[in-house]
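Comments concern the structure below.
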Amino acid sequence: MDKPRSRRPGLGLLVGVLLAALTGCGLVDGGDQTPATPGSPQVADALTATLKARARAVRTGDRQAFLATVDHDDPKLVRRQRTYFANLAQLPISRLRYRLDPATLIRAGDRWSALVEVRLQLSGFDQWPVVSREEVGFAPGPDGSSYVLAKERGDDSSGRQPWDSRAIVVRERPGVLGIFDHQSADQADAVLASVAAGVDLVGARVPYDWDRHVVVYALSGTSALSAIAGLPGGDPERLDGVSVPVGQRGDEAASTRLVLHPRMLSAPPAQRDRLIRHELTHIALADRDNHAPTWLSEGIAEYVSVQPIAEADRTLARPALIAASSRSLKLPDARTFNGPDSEANYGVAWWACEALVDLYGEPMLWQLLDKMGAADGDDWDAVLEDTLQMSADDLAAEAGRRMLAAYGVPD
């Protein structure tokens with residue numbers, strides 16, 4: 001089961017929310033571009049008024065007012081913005097604001113562009129607004145004194161969210177917000193039920209406080225995975241799912257998005273449930289597993305994910321079993337964890353945690369995680385030896401022996 005670790009290089013994987021409104025908005029082609037002139041404060045005020053009108057229209061559900069802020073000389077842009085408004089209308093938005101950065105104003109003839117900060121908070125799911133910046137283009141409005149959003153210049157945004165660029169279908173149950181599209185919506189009930197059940201199971205196993213509220217993206221394409229900066233392994237086709245923190249403030253995130261690969265929608269329910277429990281464990285551990293070795297955080301996620309499964313039904317990838325038969329088995333390294341040997345790495349990490357539990361009891365997992373987190377990369381092997389009187393190679397050997405005892409020696 002090929003899953004990435006939630007420990008993306010830098011918590012702020014950007015998956016932070018790219019809101020928006022701004023899908024489809026950017027510079028127009030052509031024309032000489034010059035920095036803003038001293039008269040720009042009036043222009044900035046007019047552009048800000050347009051952005052405020054857009055946010056107000058979303059809050060009040062006034063589609064006509066929202067579309068009045070769009071350049072109607074571009075029918076394709078109008079259609080995209082109509083879809084965008086319909087998407088936002090489905091979301092439980094508690095805060096939405098667009099803020100123009102006047103220092104970034106650039107003129108192209110009678111048109112302007114600037115960077116706009118988008119702040120959007122999902123009620124009940126985000127601790128605070130998730131912030132993104134996007135380059136937006138403006139054209140003179142019909143009255144000659146106001147401005148409207150103009151043609152897009154291209155995809156200059158990072159971290160786009162599903163509601164920015166395609167029609168979505170939102171489904172919700174207590175504690176779970178699901179983002180689907182028209183092709184995947186028929187799986188909404190099954191996915192939401194799996195996530196809700198997973199939250200209960202993981203919450204009962206992981207001894208840390210977390211809010212147990214989850215936003216899951218389950219779309220028919222891989223665009224949400226591809227939009228993730230620093231995607232583990234770099235290839236969305238290699239991942240079944242990933243959990244991505246958004247709205248980073250220091251070591252805390254506003255929320256985490258659980259993003260599923262489309263193939264998981266048609267996967268056997270038991271396989272999908274296991275993957276979801278794995279990713280929910282990363283969400284429950286929050287920043288703790290970003291300060292621990294990859295083998296431990298991924299191994300814990302795998303260990304928790306299989307607990308509801310009968311031991312005889314807990315599958316192990318064949319590459320992991322082949323690795324277990326090696327005389328030089330090592331604990332997986334973070335630098336290559338999601339590479340070509342990822343299936344083996346996940347198996348070895350999982351069974352390293354099984355060995356820890358077998359030898360010392362489950363509380364040792366959390367004790368070791370806390371100690372490794374306190375060390376934060378400062379000689380984790382020494383922490384392991386001080387805590388267990390066992391080297392990393394010894395633990396790898398214990399994991400290998402147990403894998404072979406449980407599954408047999410591979411042909």
query = Of the residues Leu369, Leu365, which single one is under 11 Å from Ala292 (Cα atoms) and either assigned to a loop (DSSP other than H, G, I, E, B) or modelled with pLDDT of 95 or more (or both)?
reply = Leu369
query = Within region 105-124, restricting attention to residues that are exposed (fewer than 15 other Cβ atoms within 10 Å of the Cβ) and either free of Cβ contacts under 8 Å to residues at least 60 places away in the same chain or among the charged types (D, E, K, R) (or both), which residue is farthest from Ser146 (Cα to Cα)?
reply = Ser123
request  = Count, please, the residues in region 164-175 that happen to be on the phi > 0 side of the Ramachandran plot and open to solvent by less than 10 Å² (accessible area, probe 1.4 Å).
outcome  = 0
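Is one or more of the residues making up region 176-183 crowded, with 21+ Cβ neighbours inside 10 Å and touching a Ser or Thr at 6+ places or on another chain (Cβ under 6 Å)?
No - not one qualifying residue is present in region 176-183.
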message = Looking only at residues that are closer than 14 Å to Ser146 by Cα and open to solvent by 50 Å² or more (accessible area, probe 1.4 Å) in region 44-71, which one is nearest to the chain's Cα centre (by Cα)?
response = Lys52
query = Among the strands (runs of 3 or more DSSP E) confined wholly to region 51-147, which include 3 or more residues that are of a type in the set (Gly, Ala, Ser) and in contact with a Gly (Cβ under 9 Å, 6 or more places away or on another chain)?
reply = none
message = Out of the residues in region 290-312 meeting the condition of being open to solvent by 50 Å² or more (accessible area, probe 1.4 Å) and more than 19 Å from Gly400 (Cα to Cα), tell me which one is nearest to the chain's Cα centre (by Cα).
response = Pro308
query = Residues in region 246-289 that are in contact with a helix residue (DSSP H, G or I) (Cβ under 8 Å, 6 or more places away or on another chain), open to solvent by 10 Å² or more (accessible area, probe 1.4 Å) and assigned to a strand (DSSP E or B): how many?
reply = 3
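Filter region 327-359 for residues that are part of a loop (DSSP other than H, G, I, E, B) and farther than 15 Å from Ala392 by Cβ; which is most open to solvent (accessible area, probe 1.4 Å)?
Arg327
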ask   = Within region 69-95, can you find the residues that are of a type in the set (A, V, I, L, M, F, W, C) and in contact (Cβ under 8 Å) with a residue 60 or more places away in the chain?
value = Val70, Leu77, Ala86, Leu88, Leu91
task = Considering every residue within region 223-242, establish whether at least one is surrounded by 19 or more Cβ atoms within 10 Å (Cβ to Cβ) and in a strand (DSSP E or B).
result = yes
task = Name the residue, out of Gln90, Gln161, that is surrounded by fewer than 23 Cβ atoms within 10 Å (Cβ to Cβ), within 18 Å of Ser255 (Cβ to Cβ) and polar (S, T, N, Q).
result = Gln90
key: Within region 325-355, tally of residues that are of a type in the set (S, T, N, Q) and over 16 Å from Gly400 (Cβ atoms)   = 3
task = Could you grab me the full set of residues in region 190-222 that are assigned to a helix (DSSP H, G or I), surrounded by fewer than 18 Cβ atoms within 10 Å (Cβ to Cβ) and of a type outside the set (D, E, K, R)?
result = Ala190, Ala193, Ala196, Ala197, Gly203, Ala204
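The values are calculated or read from the model by the stated rules, or taken from the named source; none is laboratory data. All of these numbers come straight from a predicted model, not from anything done at the bench. Cβ sites come from the backbone with ideal geometry, for glycine too, and all protein chains shown count toward neighbours. Areas reflect the complete protein model, heavy atoms only, side chains present, ligands, DNA and RNA absent. Shrake-Rupley method; radii C 1.70, N 1.55, O 1.52, S 1.80 Å.
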